[in-house]
Amino acid sequence: LGSAKDDGGAGLFCGLADPVPDQLLSLINDFRQDVRDQKIDVGVGVYRDDAGRAPVMLAVKAAESWLMETQATKAYLGPAGDEEYLDALQHVVFGERFARRDSVVGVQTPGGTGALRLAADLVAAVGRSRSVWVGEPAWPNYKNILHGAGLRVRTFPHYSLAEQRLVEDRAMSELSRASPGDVVLIQGGCHNPTGAVCSPEYWRRLSAVLSSKGLLPLMDFAYQGLGRGLETDREGVEILLEECGEALVAYSCDKNFGLYRERTGALFAVAPRQELARRARSSLCALAGGLWSMPPDHGAAVVRTILSSEKLTRIWRTELDTMARRLASIRKSLARALPVLAQVGAQEGLFSVLSLSENAVLDMRKSHGVYMPLSGRVNVSGLNPSNLEQFTAALRPHLPGYT
Ligand SMILES: Cc1ncc(COP(=O)(O)O)c(C=O)c1O
């Protein structure tokens with residue numbers, strides 16, 4: 001919310017200021033109102049196919065049909081949500097080695113956002129530390145979520161946009177200033193907004209800093225499977241868990257199952273022993289009670305249906321692999337057309353940030369119908385073989401070394 005202004009009225013709403021407008025929402029609006037045929041949307045954070053559509057996945061459609069026919073009740077599930085969904089998802093998220101541990105527990109949440117908020121509320125409730133370290137540049141909503149739980153956001157450099165590379169040494173030295181018990185929020189791959197890829201060595205180094213300083217990893221795992229495949233994409237989570245005794249993992253199924261509006265997520269707590277995991281789960285259920293009481297059912301029921309059928313799992317994985325391959329291929333095409341963007345070709349997931357001035361972003365919008373936020377973040381899935389040339393023509397004059 002914007003800062004309150006007092007206009008003299010007595011009512012609650014008189015104390016409200018107009019919130020700072022959401023840049024992405026106004027971008028969507030401007031894009032809709034643009035009457036040009038040849039406009040390009042690389043702003044909105046949803047996966048689009050070659051034809052520019054965000055279709056419902058076939059595995060999801062099949063699961064929904066089955067649910068329509070067989071669902072016998074809409075009665076509440078309880079604050080932890082759908083237990084079968086959580087069990088099945090735990091295997092996808094952690095792989096067999098960690099999923100079998102009885103010191104891992106999960107709670108279903110409304111999307112990855114709900115999982116992050118629940119994690120933040122747990123940290124605040126324990127009260128050992130109120131500081132959460134966030135690598136920059138970051139997903140802008142982290143601040144709203146963490147501040148909403150009364151936590152303090154500390155930042156550390158994660159990626160240099162100017163140099164288009166991870167700033168590993170600076171990240172590690174800044175994190176070594178954190179106090180024991182502080183939380184470090186880390187994205188588990190397909191980084192939003194940078195698309196940066198962390199090597200296993202990077203994860204090992206980070207894990208060593210976290211465990212030696214007694215810092216708690218809060219993993220934000222929102223894009224599993226959209227990078228280098230389901231298994232490879234969880235590499236960072238596995239390395240961190242090997243090293244750190246405790247972790248929270250906030251997971252979203254909204255991107256990799258294309259369920260966005262169904263708000264499908266989970267928060268997993270990884271504890272050093274079963275008794276502590278049990279306590280974590282009871283506390284998470286109690287906190288969820290005060291946030292949303294019970295999570296929404298439909299998205300989780302769809303995921304549970306897919307993951308409990310070998311056939312639907314195969315269809316889903318094929319669709320997800322196709323999405324990841326398309327993202328990699330469009331990145332390669334972009335880097336081939338504009339070699340100065342070689343890094344974008346090597347990055348992964350939906351997003352990359354182009355080093356552009358705000359004027360350049362606005363010029364691309366006005367003169368070429370290319371819509372991206374002022375930060376220069378592009379959703380590469382908005383590009384396809386039929387609009388790539390228009391996009392590169394709009395971008396070229398704004399890149400260093402091109403005239
Ligand atoms: C990095 C990151 N984390 C978490 C989320 C939240 O996902 P959900 O839509 O499931 O709440 C998003 C959504 O855009 C995201 O980009």
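The values are calculated or read from the model by the stated rules, or taken from the named source; none is laboratory data. Predicted, not measured: the structure shown is a model, and the values here were computed from it. Quick reminder, even Gly has a Cβ in these numbers, built from the backbone with ideal geometry, and neighbours come from all protein chains shown.
In the range 209-236, which residues are in contact with a strand residue (DSSP E or B) (Cβ under 6 Å, 6 or more places away or on another chain), within 16 Å of the ligand (Cβ to nearest atom) and either aliphatic (A, V, I, L, M) or in a helix (DSSP H, G or I) (or both)?
Answer for the range 209-236, where residues must be in contact with a strand residue (DSSP E or B) (Cβ under 6 Å, 6 or more places away or on another chain), within 16 Å of the ligand (Cβ to nearest atom) and either aliphatic (A, V, I, L, M) or in a helix (DSSP H, G or I) (or both): Leu218, Met219, Ala222.
Kindly indicate the residue of the range 245-289 that is of a type in the set (Ser, Thr, Tyr) and buried (at least 18 other Cβ atoms within 10 Å of the Cβ) and also nearest to Ser103 (Cα to Cα) among those meeting that condition.
Result: Tyr251.
Return the pair list, or none, for Cβ contacts closer than 9 Å from residues in the range 181-206 that are on the phi > 0 side of the Ramachandran plot and in contact (Cβ under 8 Å) with a residue 24 or more places away in the chain to residues that are hydroxyl-bearing (Ser, Thr, Tyr) and within 12 Å of the ligand (Cβ to nearest atom), at least 6 apart or on different chains.
Gly189/Tyr223; Cys190/Tyr223
Listed residues Thr113, Thr73, Thr109; which is among the β-branched types (Val, Ile, Thr) and either in contact with a Lys or Arg (Cβ under 6 Å, 6 or more places away or on another chain) or without any contact (Cβ under 8 Å) to a residue 40 or more places away in the chain (or both)?
Among Thr113, Thr73, Thr109, only Thr73 is among the β-branched types (Val, Ile, Thr) and either in contact with a Lys or Arg (Cβ under 6 Å, 6 or more places away or on another chain) or without any contact (Cβ under 8 Å) to a residue 40 or more places away in the chain (or both).
For Lys74, all conditions in the list (1) within 16 Å of the ligand (Cβ to nearest atom); (2) basic (Lys, Arg); (3) more than 30 Å from Glu174 (Cα to Cα) hold save one; what is the number of the exception?
(1) is the only condition that Lys74 fails.
Within the range 131-163, how many residues turn out to be within 16 Å of the ligand (Cβ to nearest atom), farther than 20 Å from Leu284 by Cβ and hydroxyl-bearing (Ser, Thr, Tyr)?
Number of matching residues: 2.
Check off (1) more than 15 Å from the ligand (Cβ to nearest atom); (2) in contact with a helix residue (DSSP H, G or I) (Cβ under 7 Å, 6 or more places away or on another chain) for Gly188 and give me the number that stays unchecked.
(1) is the only condition that Gly188 fails.
Within the group Glu168, Glu174, which residue is at pLDDT 95 or above and within 30 Å of Ser381 (Cα to Cα)?
One residue alone meets the criteria, Glu168.
From Val46, Val42, which residue is within 16 Å of the ligand (Cβ to nearest atom), within 28 Å of Pro295 (Cα to Cα), in contact (Cβ under 8 Å) with a residue 24 or more places away in the chain and touching a helix residue (DSSP H, G or I) at 6+ places or on another chain (Cβ under 8 Å)?
After applying the criteria, what remains is Val46.
Being over 16 Å from Gly189 (Cβ atoms) and either buried (at least 21 other Cβ atoms within 10 Å of the Cβ) or of a type in the set (D, E, K, R) (or both) is the filter here; which residues of the range 345-355 pass it? Don't jump to the end; show me each part of the working.
The first filter runs over the range 345-355 and keeps only residues over 16 Å from Gly189 (Cβ atoms), leaving 345, 353-355.
Correct list: Val353, Leu354.
Specify the residue that is nearest to Thr113 (Cα to Cα); the eligible residues are those in the range 207-240 that are in contact (Cβ under 8 Å) with a residue 60 or more places away in the chain, crowded, with 17+ Cβ neighbours inside 10 Å and of a type in the set (Gly, Ala, Ser).
So, considering only residues that are in contact (Cβ under 8 Å) with a residue 60 or more places away in the chain, crowded, with 17+ Cβ neighbours inside 10 Å and of a type in the set (Gly, Ala, Ser), the one nearest to Thr113 (Cα to Cα) is Ala222.
Show the residue pairs that are 6+ apart or on different chains and have beta-carbon atoms under 7 Å apart, the first residue being within the range 263-277 and within 15 Å of Asp220 (Cβ to Cβ) and part of a strand (DSSP E or B), the second being of a type outside the set (A, V, I, L, M) and more than 16 Å from the ligand (Cβ to nearest atom).
Phe268/Gln90; Ala269/Arg281; Val270/Ser103; Val270/Glu246
Output the qualifying pairs, or none if there are none: Cβ atoms under 6 angstrom, residues six or more apart or on different chains, first residue in the range 139-162 and farther than 24 Å from Gly127 by Cβ and among the polar types (S, T, N, Q), second residue part of a loop (DSSP other than H, G, I, E, B) and more than 12 Å from the ligand (Cβ to nearest atom).
Once the first residue is farther than 24 Å from Gly127 by Cβ and among the polar types (S, T, N, Q) and sits in the range 139-162, its partners that are part of a loop (DSSP other than H, G, I, E, B) and more than 12 Å from the ligand (Cβ to nearest atom) give Ser160/Val167.
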